[in-house]
């Protein structure tokens, strides 16, 4: 990073105001940095804890110029900031991760092509308009889909053509593969190539949304080491700066990379309570070019369960049921309106053994909504 590391009291800018930005801002402020959030929602979680909340669209020229003038570095907390906005910022201030890396990760076709060219294994895939897909398959929008949105399962060519037509945008078709388990690796990298990886996480989804994360993943140690090496290789090939999440399938005992997330990740929330350095503090360290923190677990195992807005259907959940367990940690994101499928918070449970903490986390979540 030209000019050396960025140290307090310099100001860090964040594009995006969700919970990932909130935790990044908190980490930055605890380290002594100033913080500015650009987010159009005046009640956004990150904006409520930042020194300055610029309430404007992500591509607003005046807002972007304000960030460029007041910040030493600007990062993002979601993968879909407008490319033109990032490019405008990059003319005058350090943007990390770089706009080129974000552009790859925010487009599934570009991402899969990048992985193919880098020799990284993935499930077979095809652009949505091309022939040759093998079934069963899943059709995904190339951009903007997340948490199961913009995805359609198909079993034959007729269903594929219908799905592509109904989605109405550029799509990717991915062959469904046998699934042993889904895992993710959170890695961090500085501009000068220093890097670190967190223990591999095991992930379980419900309705396309992450439901449960267990760390360490219950997979062979050799496979975990291979997954970490793949994730670090991807970060280096991208010349990535910041925290990167690499989501993978274990299919018939082999690793296949599914998606990249150019930011801290839901499956890394456990690091707040059970790692020597949280993924959010690591994001600050990486984009500022200071020493990366240690990533080891501080407990034998940890499990995290998401708290979606559905849990509020019968009224505010009974948080006393969770907080009565000394090994449980409750996190609420400060979102005013609970909606079905909306991530409102999470619970983590720390302990000695993976099976135990997973069962306890699920039981506690049930207990707060009975």
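The values are calculated or read from the model by the stated rules, or taken from the named source; none is laboratory data. Only a predicted model underlies this, so the values are computations on that prediction, with no experimental measurement involved. Note: ideal-geometry Cβ built from the backbone for every residue, glycine included; neighbour counts use all protein chains shown.
What tally of residues in the range 65-92 results from selecting those that are assigned to a loop (DSSP other than H, G, I, E, B), in contact with a helix residue (DSSP H, G or I) (Cβ under 6 Å, 6 or more places away or on another chain) and crowded, with 17+ Cβ neighbours inside 10 Å?
Of the residues in that region, 2 qualify.
Considering only the range 235-276, state which residues are within 19 Å of residue 194 (Cβ to Cβ) and surrounded by fewer than 21 Cβ atoms within 10 Å (Cβ to Cβ).
236, 237, 239, 276
I want to confirm something. Restricting to the range 110-122 and keeping residues that are touching a residue at least 60 places away in the same chain (Cβ under 8 Å) and surrounded by fewer than 18 Cβ atoms within 10 Å (Cβ to Cβ), which single residue is nearest to residue 74 (Cα to Cα)?
So the residue we want is 118.
Could you say whether any residue in the range 109-119 is modelled with pLDDT under 95, touching a helix residue (DSSP H, G or I) at 6+ places or on another chain (Cβ under 9 Å) and outside the structural domain of residue 17 (by TED's automatic domain parsing)?
No, the range 109-119 contains no residue that is modelled with pLDDT under 95, touching a helix residue (DSSP H, G or I) at 6+ places or on another chain (Cβ under 9 Å) and outside the structural domain of residue 17 (by TED's automatic domain parsing).
Regarding residue 62, is this residue over 25 Å from residue 189 (Cα atoms), surrounded by fewer than 15 Cβ atoms within 10 Å (Cβ to Cβ) and at pLDDT 95 or above?
Judged against the criteria, residue 62 is a match.
Looking at 131, 137, 142, which is the one that is modelled with pLDDT under 95 and more than 24 Å from residue 238 (Cβ to Cβ)?
131
Looking at the range 108-134, which of its residues are closer than 20 Å to residue 178 by Cα, under 24 Å from the mean Cα position of the chain (by Cα) and assigned to a loop (DSSP other than H, G, I, E, B)?
Within the range 108-134, 120, 121, 122, 123, 124 meet the criteria.
Yes/no per residue for (1) crowded, with 24+ Cβ neighbours inside 10 Å; (2) assigned to a loop (DSSP other than H, G, I, E, B):
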| residue | (1), (2) |
| --- | --- |
| 169 | no, yes |
| 179 | no, yes |
| 185 | yes, no |
| 188 | yes, no |
| 191 | no, yes |
| 202 | no, no |
